[in-house]
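Student: One structure, pasted below without further comment.
FYI, it's all coordinate maths here, none of it is from the lab. All of these numbers come straight from a predicted model, not from anything done at the bench. So basically every Cβ, Gly included, is an ideal-geometry build from the backbone, and we count neighbours across all protein chains shown.
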């Protein structure tokens, strides 16, 4: 006898409650989609609007606490505990603590506020409290974002507790991933497309500024798509995608089903997007995700389903891509397929990770502060091939640097909770839970693998999508009984004896209801009467209520701060876009300085302080230009160019005719800019920009201090300390290091100039020619100390140095030992290198080695006559005429079109004839004696 379908009694409260939950679910699933098309949510206005949406969704989720299909007690909010600890610790890192506590929790942070501020900031002998974070103002913003995640996870754990809204979540994330793929295709097909979301960068994809970040969203979309397909396969055919009984026709039979169609199309689009967008890490993460989700999670499942799924998706991708003007960039960028591809070995990440690891060790156990990685690694920079890594391109390393042991514990805790929940979901008889299990395994694997090569989880769109999936997994696990869940009996009639679950607010379609009439149903019952006195007094409800209040209140508290950050971010964006129109207008600069001061006082950041100092410098520059009293606009522009602080051509203070009495306005603006830089270092002690500004301001501030007696402490010493720090902070930026070397030369600091030029060439040997010109102009510098022991730099330096008068023999001997020919060069380049080494040996008097290296060059490039010509010239210079004649004859024979060899032969023959006509043993005639004999007296 069929079991009748029992529906709950309709009440107004249940209708309103259901409506609120659906509104909350709609808000939650639309937020990552909108952020994904808006640069991933990296702009503060996007984050502020998303925070508002999250809080509204959390409020609408509150009625779900009275519904047993949405609330099963406090355990479904398990993700809030580790997340709350992380949020609390992020705020803790911004609090001022005693210096001794910071020295124990984070020695690197203690050194930043003490060692790296010595000589820059005068603390008056006091030791004020210092935070763990080396950039607390940046940490405050990210801690605010983390706080907003608490109401997000609360709402998600309530809303997606029920299976009907869980279907909506999977479909929405699948569509979000497909949308990113479609936008990326459109941009690649039409590079001239002018949409606000497209960035003019080769590494951008769709609405993301970085293709690796987009690849993570594509992987989330693929995870959700696979979850949808798994759910519908089990529901309609009682078979999983990875089941040994799976048949190829079953997958095509899903096309007629709505959710299956969404999953198939979205999965195809996401796979195509991963192959096209150029992220190798995304493809590797997808391979691992597929392998783990379908191969090793379920012991009773084999690997036979993987080739089937790959074939289906590959055919779909081929159909989608082949007719279009697209290429599989993610594949073509692999070194296996392209010798010129960037790899982990060539793009600098492996080298930088060494510096990142040193920074992590220096800041253990407390970390350097959330969002402070860009500054934390700078003092430990040795081999990083760039001036500034804002991120480690390795989320796990960056997390270790920023949060220390606490971050590791929280990450391990979250992973353990998720893995336990996924394992227990395998006991569920609900096909949707099995689809969620597949999606969860894939998503978690994609995150763990891809974030070894990227930091996509730091992008709000990806972070919110990941948290929605993770929270839904934990919530569904508790809905199925959590730890009390047991493996059900497997029957032949259906999957675990059941085909479908349904919620009280979900109606079955007629066809589906007919197909399940003879199967027993398990219903998740809700209370149609709402709350009772017993509900109010139960510990579980009280706990859930406390969590509700805490998450929503904390989110509301940080919302005004996010609003202020959004205003500041908008102002900085406008300043960046329109500053060129304002920088010559004193009134506009004054208004901008006033607005920036107000922002700094309201809610500051290192970037705001840096822009304030920039405006103050430019106000001083404009005022100084006017103080020279130019008579025409052309003269004003000429003076404005000449008073550039970086390439100054005029003296300071200005010397107008007639002289101007009183204090100059430019002095005030320059002094204010100097003070702003020092104030920035107090709150962000490892910042590069204020140190660079101190160097540029030093000449004008020194003159200001001398003339006005302003209380500015030793500007010259402060600038010298800043320059020494920048040698470390700019260790990978050859251009800036070269500029530091020139600045040191102008100050007469030969030791600092030598170090800066040396490190510059270590970073980029291509600047050797510029450094050699500086060495010519400044002979007091030692070439041996400046040129590093690196083959390319030494090769370029030696080639130039041989043209100097009386070069140092010791340096040339060192060059012959260091130069290595054949390290990845072409044949001609290797031949040129061997010829250079041959010249060095000839100059040093070792003619045998010189001939040997020239012979190597000739063998490598026999069609290049110059190498044999240079050999002949060196042989003649060393009176080795017979060897020179032999080489000239060989050259005439091998390259007959070059007339130089015949001229060498003729020249040698002429010299030989002269020697034959005037033999060396003939007595010399003394003309004086002959004249004396001829002029004897009597003759």
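Student: Among 621-631, 84-94, what's the highest-first ranking by average C-beta atoms within 10 angstrom per residue?
Tutor: In descending order of packing, they fall as 84-94, 621-631.
Student: Tell me whether segment 386-434 comes out rounded, prolate or oblate; compute the Cα gyration tensor, take square roots of the eigenvalues as a ≥ b ≥ c, and use a/c under 1.5 as the rounded threshold.
Tutor: Oblate.
Student: If one computes the Cα centroid of segment 17-65 and of segment 798-870, what distance in Å separates the two points?
Tutor: 68 Å
Student: Between residue 844 and residue 878, what length comes free when the chain is fully extended (0.36 nm per residue of separation minus the Cα-Cα distance, one decimal in nm)? Before the final figure, lay out the partial values.
Tutor: On the way: separation 34, 0.36 × 34 = 12.24 nm, distance 1.13 nm.
Going from the current span to full extension adds 11.1 nm.
Student: Continuing with this model, one more query. Could you give me the radius of gyration and the Dmax of segment 772-913, taking only the C-alpha atoms into account and expressing both in angstrom?
Tutor: So, for segment 772-913, Rg and Dmax equal 16.4, 50 Å respectively.
Student: If you average the sequence gap of Cα pairs under 8 Å that are 6 or more apart and divide by the length of segment 583-708, what percent do you get for the contact order?
Tutor: Details: 119 pairs, mean separation 34.8, N = 126.
It rounds to 28 percent for segment 583-708.
Student: Highest mean first, how do 726-736, 203-213, 98-108 rank when packing is the count of other Cβ atoms within 10 Å averaged over residues?
Tutor: Working: 726-736: 21.4, 203-213: 25.2, 98-108: 17.5.
Ranked by mean Cβ neighbours within 10 Å, highest first: 203-213, 726-736, 98-108.
Student: Could you tell me the extents of segment 835-917's C-alpha atoms along the three principal axes, largest first, rounded to whole Å?
Tutor: Extents along the principal axes, in whole Å: 38, 31, 12.
Student: What nm value, rounded to one decimal, do you get for the distance between residue 420 and residue 121 when each label is placed 7 Å out toward the C-beta?
Tutor: 4.4 nm
Student: A follow-up question, please. To one decimal place, what Kirkwood hydrodynamic radius in Å is obtained for segment 63-109 from all pairs of distinct Cα atoms?
Tutor: By the Kirkwood definition, the hydrodynamic radius is 13.7 Å.
Student: Shape verdict for segment 583-708, please, from the Cα gyration tensor: rounded (a/c under 1.5), prolate (a/b greater than b/c) or oblate.
Tutor: Cα axes put segment 583-708 in the prolate bin.
Student: Relative contact order for segment 743-816: what is it in percent, counting Cα pairs under 8 Å that are at least 6 residues apart? Write out the running numbers ahead of the final one.
Tutor: Values: 53 pairs, mean separation 21.0, N = 74.
In percent, rounded to a whole number, it is 28.
Student: Follow-up. Quick check: residue separation of residue 584 and residue 912 times 0.36 nm, minus the Cα distance between them. What number comes out in nm?
Tutor: Extra length from residue 584 to residue 912 when fully extended: 110.6 nm.
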